[in-house]
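Engineer: Sharing a structure, written as structure tokens. Questions coming.
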Amino acid sequence: MLRLIVFAAVVCCVAPAFGEAPAAPETRLCKPGKLVAFEKFDKPNVMVAKGKVEAGQWRDGLGDWKTVDGAAYAIQEAPSDRRPNGHEAVCEYVTDMGDFVLTAEFKMKEAPQVAFVFRDTNQPNLHQGRVMIKPDAFWIQKMTGISKETRREELKRVKHDVDPDKWHTITIEVCGDRMRAVLDGQEIEAAHQRFLDRKGRIGFVARGEGALFRNVAIWEAAAK
């Protein structure tokens, strides 16, 4: 009996801090290492409000977020004098890391576009790359700058039907200068020197209103 109690205590002490931590996905470019972040987004107040955020936290950047159907629900920022066209809703994990693997689930609903994004460690953090998703296609793009200085270059696009009312799964690998994305089993891959820089923000964005995100996980990674 005493042995069982000791064993239970040890298991309790070494159990993952993330609760029901996910298993690392199958990968081709990267070998996943330490699980850095995992969030179901099934409860409110998971994201830190706008402003200064410490490393290791999910940042509610632009737009508004709430919890709907056990997931993060995106509402684009409305037009204003500062941003006449409004701005997509942004949620990012604050970090400082190199290569990484990300997995997530999303549902587009009425949103015309969603994306999984990462930015560098500059202050402010400059755009690096994105996996962009629309109802009929997804693609990888390289990016630089921030705000009005943002520049983007599409590297690889494929046609893909994304049912807006169904949950979809995505795995993203960024290793060295290469990025690979697998959406519901279909993959694309591209390379650019911009992807080499360290990452200070990793997350997801959505235009319009209605997109849902859940079970987002980020691992440190190394090239295979």
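The values are calculated or read from the model by the stated rules, or taken from the named source; none is laboratory data. Because the structure is a prediction, the values reported are computed rather than measured. All Cβ positions, glycine included, derive from the backbone under ideal geometry; neighbour counts span all protein chains shown. Ligands, DNA and RNA are excluded from the accessible area calculation, which covers all protein heavy atoms including side chains. Shrake-Rupley method; radii C 1.70, N 1.55, O 1.52, S 1.80 Å.
Engineer: Quick check on my filter: what residues within the range 63-78 are among the aliphatic types (A, V, I, L, M) and either in a strand (DSSP E or B) or open to solvent by less than 40 Å² (accessible area, probe 1.4 Å) (or both)?
Structural biologist: Val68, Ala71, Ala72, Ala74, Ile75
Engineer: Okay, moving on. Considering only the range 185-224, give the strands (runs of 3 or more DSSP E) lying wholly within it that have at least 1 residues that are within 15 Å of the chain's Cα centre (by Cα) and crowded, with 19+ Cβ neighbours inside 10 Å.
Structural biologist: Qualifying strands (runs of 3 or more DSSP E): 199-206, 209-223.
Engineer: From (1) modelled with pLDDT of 95 or more; (2) assigned to a loop (DSSP other than H, G, I, E, B); (3) touching a Leu at 6+ places or on another chain (Cβ under 9 Å), pick out the condition that doesn't hold for Glu26.
Structural biologist: Of everything listed in (1) modelled with pLDDT of 95 or more; (2) assigned to a loop (DSSP other than H, G, I, E, B); (3) touching a Leu at 6+ places or on another chain (Cβ under 9 Å), Glu26 misses just condition (3).
Engineer: Report yes if Phe118 is closer than 26 Å to Ala23 by Cβ, touching a His at 6+ places or on another chain (Cβ under 7 Å) and in a strand (DSSP E or B), otherwise no. First the steps, then the outcome.
Structural biologist: Numbers: closer than 26 Å to Ala23 by Cβ: yes; touching a His at 6+ places or on another chain (Cβ under 7 Å): no; in a strand (DSSP E or B): yes.
Answer is no for this residue.
Engineer: Something else about it: Is it the case that Val162 is in a loop (DSSP other than H, G, I, E, B) and under 23 Å from Thr27 (Cα atoms)?
Structural biologist: Details: in a loop (DSSP other than H, G, I, E, B): yes; under 23 Å from Thr27 (Cα atoms): yes.
Judged against the criteria, Val162 is a match.
Engineer: What are the residue pairs meeting all of these: first residue in the range 114-140, first residue closer than 14 Å to Ala190 by Cβ, second residue assigned to a loop (DSSP other than H, G, I, E, B), Cβ atoms under 8 Å, and 6 or more apart or on different chains?
Structural biologist: These pairs meet every condition: Gln128/Asp197; Gly129/His192; Met132/Gln113; Phe138/His160; Phe138/Val162.
Engineer: So which of Arg180, Arg152 is outside any loop (DSSP other than H, G, I, E, B) and open to solvent by 30 Å² or more (accessible area, probe 1.4 Å)? Spell out the reasoning first.
Structural biologist: Working: Arg180 fails: open to solvent by 30 Å² or more (accessible area, probe 1.4 Å).
From the options Arg180, Arg152, the qualifying one is Arg152.
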